[in-house]
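The values are calculated or read from the model by the stated rules, or taken from the named source; none is laboratory data. All values reported here derive from a predicted model rather than from experimental measurement. Because the Cβ atoms are built from the backbone with ideal geometry, glycine has one as well, and the counts that use them run over all protein chains shown.
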Amino acid sequence: MINPTGKNTGGGFLAGLRNGLSPMMNKEMRSRTRGWRSPVLLTVYLGLMSAGTVGFVWLNMTRGSSIYPQVGLSFYGILVFGLVLLLSFIAPAVAASSISGERERRTYDLLLSTGASLTGIVLGKWLASVAYLLFLVLAALPLLALVFLFGGVPPSTMLMAVLVCLLTGLGYGALGLCLSALLKRSQAATIVSLVLVFLLIFGTPIAAGIAASNINNNGYAPEYYGSEVRQTGVPWYLFMSPLSALTDAMPGAGEVGMGRGVPLISSIMNELMRQFQPRMNYEYAMKMGYSGVVGQPGTGAGADLKKQGLLASWPYWARFALHQGILVIISLLVAVAAITPRKPWHIWRAGKNATGA
């Protein structure tokens, strides 16, 4: 049972967490595997991936009797890009009905009256969504394995792509769960989560492109013989999009040769991120002897490099993982606060009124 403040009184925090994790995961996994929604979702998901695979191979085979090595890279890039996009929209849609669905089925009050803590309930539902997304990633591995028939993609790059997919599902799934706790209707939570995910995926690169254009137009990235070179650094919000991490998961996949491929997002993101770097970087300037341009302590590019800190040296996928981790923590904390029967600020306000009286 829970007391009026919303805190679990059935054996402490660890007992409540244990009572929430295992039962919630079992309940959610059983409900997701029963009925028609899960088979239909899996069929549509694999059908879209298979249709893209067959269409790409058919288009390249009709253009000639031979397949160039670059085709394998383009094929891999299309598969990974499509997989990330599908998981980005499936993850919040799957989690958006986790808590709001309990309200619609009139089981929400019964759920709160069990021996499970609020944290255990939220974590159990989130981990169930993560397990389902892991199942979707594993289901797509046979299609990704077709890339090895063409060659040119090492297994480490393939593992990096799978990691990006899992990180995407973790963060956006937690976002969908948070909206499910905040909004009362599953349909509203699903729509809002899909809109937010769309803005995070495509809106942040567009905003970064506008910012880069303004920086270059204002003279902050001069050409080779400018009076000052500034290292502005890639903006933090760009790493809220999984497209930023795809630059590490698709090396060289964006290069198109012999007219037998399509431009991929990795080239676009690499070009966008280059806009935030100086035309003549610090190392090149020092090697060429342009000491008057950069390198003075506290000024120029030397100071700007120090301002970027340790994160500037991280690979893009690691910075994306950091931002997804922050998104997960914030979303889960907000979800726990949203399902608390008596909110902490209500308790504070009641105590303040009692003291004033």
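Side notes on the structure shown:
Residue by residue, here is whether (1) more than 24 Å from residue 315 (Cβ to Cβ); (2) at pLDDT 90 or above holds:
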{"site": "142", "(1), (2)": "yes, no"}
{"site": "146", "(1), (2)": "yes, no"}
{"site": "154", "(1), (2)": "no, no"}
{"site": "180", "(1), (2)": "yes, yes"}
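- Selection of segment 304-357 for residues being in a helix (DSSP H, G or I), modelled with pLDDT under 90 and of a type in the set (Ser, Thr, Tyr) yields 313, 316, 355.
- Filtering segment 170-182 for residues that are among the aromatic types (Phe, Trp, Tyr) and closer than 25 Å to residue 39 by Cβ leaves a non-empty set.
- When residue 112 is tested against (1) touching a Ser or Thr at 6+ places or on another chain (Cβ under 7 Å); (2) surrounded by fewer than 21 Cβ atoms within 10 Å (Cβ to Cβ), only condition (1) is not met.
Every residue, every condition in (1) under 24 Å from the mean Cα position of the chain (by Cα); (2) surrounded by fewer than 23 Cβ atoms within 10 Å (Cβ to Cβ); (3) part of a helix (DSSP H, G or I), yes or no:
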position	(1), (2), (3)
98	yes, no, no
134	yes, yes, yes
137	yes, yes, yes
149	no, yes, yes
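- Residue within segment 52-65 that is of a type in the set (A, V, I, L, M, F, W, C), modelled with pLDDT under 80 and under 24 Å from residue 164 (Cβ atoms) present: yes
- Matching residues, segment 12-33, being among the hydrophobic types (A, V, I, L, M, F, W, C) and at pLDDT 75 or above: 14, 15, 17, 21, 24, 25, 29
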